[in-house]
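Notes follow the structure.
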Amino acid sequence: MAKIVILTGAGISAESGLGTFRDKDGLWTRYDLNEVATPQGFARNPGLVHDFYNARRANAAVAHPNAAHHALARLQAALPGQVQIITQNVDDLHEQAGSTDVWHMHGRLARARCASCNHRWDAPAVMAVQHPCPACTAPKTRPDIVWFGEYPFHMDDIEQALSQADLFVAIGTSGNVYPAAGFVQMANLAGADSLELNLEPSQTITDFAQARHGPASNIVPAWVEEILSGR
Ligand code: BJW
C-alpha cells in the first residue's frame, strides 16, 4: 500500500486569514522571535509571550479551513491508513476540515503545559503564567508550543513514517526551520518521490523531484483530484 507523507506549514493556513512567519508582513517582521518563540524569551518576559500566543489563539478561533485543508481531509478519507499529515502549524484547521491523526510537531495553541511538571491541559482563551497547574499547582503555565532550541514532538513517529514513505509532499512551508526542512532529504534517502506545493520556490526546492507553485487553495485540491482519479 502506497504511503503518502504530507508536511504542512503556515502557507496552507494563509488563505484562512492566519499569518505566515517569513513572508512580507509575516509575524517575524512584527515580532522578535528571540523574545516570543524561545524558552529564554519566556523566562525574561512570560507576559509578552502569553500576549503573543493569546492573540494568535483568538485569531485561530475565528479561522475556518480552506479548500486545501478540505482536500487533504478528502484524500485521507479516500485512502485510509495511507496518508499521514505532519503539520508545523499550531492551529487546528486540519482537524476542523475532518483530518484525523495529525501530528503537530510544533505543538498546539489549544493546549497549555506546566513548565514545572510537564502536565498538559486544554488552554483557556486567555492564558497567564500565574495560572496554577491543575496537577502540581506551580504558577508556571506556558503554551504547549515548541520554541527554537526545543525538541519537536512526534519525532520518532515522523522518522519512521519518512523511512517508509513512497511520496513526500511539502505544502506551504519555506524550508527555513529544521528539523522539518530536512524531511525531504530523509524521504529522498528512503527512496520516496517528492513534491513541493508552495506559493513560490522554497529554500529546499532543489531537494524536490517535482514542484508546483501557486496558492494552496488552488494547487492542493488539483493535486488531490489527480491522485484520486489515478492520473
Ligand atoms: C503559501 C501561501 C499560500 C504563503 N499558498 N503557500 C542552524 C542550522 C540548522 C538548524 C539550526 C541552526 N540554528 C538553530 C537551528 C535549529 C532551529 C532552526 O531550524 N533554526 C533556523 C531558523 C536556522 N530549529 C529548532 O530549534 C527546532 N528544534 C530543534 O532543532 O531541536 C533539535 C533537533 C535536532 C534534530 C532533530 C530534532 C530536533 C525547533 C523549531 C521550532 C520552530 N518554532 C516556530 C514557532 C513556534 C510555533 C508557532 O508559534 O506557531 O514554528 S518558528 C516558525 O517557523 C513556526 C513554524 O512552524 C516554523 C516554520 O515556518 P513555515 O511554516 O515554513 O512558515 P514560513 O512563514 O516560513 O513560510 C510560509 C511559506 O508559505 C512561504 O514559503 C510562502 O511562500 C508560502 N505561502 N502563502 C501556498 N496561499
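The values are calculated or read from the model by the stated rules, or taken from the named source; none is laboratory data. Keep in mind that what you see is a predicted model, and the values were worked out from it rather than measured. Note: ideal-geometry Cβ built from the backbone for every residue, glycine included; neighbour counts use all protein chains shown.
Below is a table of values for the structure above.
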quantity: First in the stretch 210-224 and assigned by TED's automatic domain parsing to the domain that holds S194 and over 17 Å from S194 (Cα atoms), second anywhere and among the acidic types (D, E) and at pLDDT 95 or above, Cβ under 6 Å, 6 or more apart; calculated: S217/E15
quantity: Residue among A170, A165, A161 that alone is more than 6 Å from the ligand (Cβ to nearest atom), more than 28 Å from D122 (Cα to Cα), in contact with a Lys or Arg (Cβ under 9 Å, 6 or more places away or on another chain) and touching a residue at least 60 places away in the same chain (Cβ under 8 Å); calculated: A165
quantity: Hey, A77 within 12 Å of the ligand (Cβ to nearest atom), assigned to a helix (DSSP H, G or I) and within 29 Å of E225 (Cβ to Cβ) or not; calculated: no
quantity: Filter pass, S174 being under 24 Å from D92 (Cα atoms), hydroxyl-bearing (S, T, Y) and not assigned by TED's automatic domain parsing to the domain that holds L27; calculated: yes
quantity: Qualifying residue in the stretch 24-42 (condition: farther than 16 Å from S174 by Cβ, within 9 Å of the ligand (Cβ to nearest atom), part of a helix (DSSP H, G or I) and touching a strand residue (DSSP E or B) at 6+ places or on another chain (Cβ under 8 Å)); calculated: no
quantity: Positions within the stretch 55-74 being part of a helix (DSSP H, G or I) and within 12 Å of the ligand (Cβ to nearest atom), in sequence order; calculated: A55, R56, R57, N59, A60, A67, A68, H69
quantity: Count of residues meeting criterion [closer than 18 Å to I12 by Cα, crowded, with 17+ Cβ neighbours inside 10 Å and out of contact with any His (no Cβ under 9 Å at 6 or more places or on another chain)] in the stretch 195-210; calculated: 3
quantity: Number of the condition not met by Y178 [criteria: (1) within 13 Å of the ligand (Cβ to nearest atom); (2) touching a Ser or Thr at 6+ places or on another chain (Cβ under 9 Å); (3) without any contact (Cβ under 8 Å) to a residue 40 or more places away in the chain]; calculated: (2)
quantity: Cross-chain or 6+ apart pairs with Cβ under 6 Å, the stretch 45-66 first and surrounded by 13 or more Cβ atoms within 10 Å (Cβ to Cβ), then charged (D, E, K, R); calculated: A60/D91; N66/E15
quantity: The stretch 14-33 residues that are on the phi > 0 side of the Ramachandran plot, paired with ones that are more than 8 Å from the ligand (Cβ to nearest atom) and modelled with pLDDT of 95 or more (beta carbon under 6 Å, 6 or more apart); calculated: G17/A63
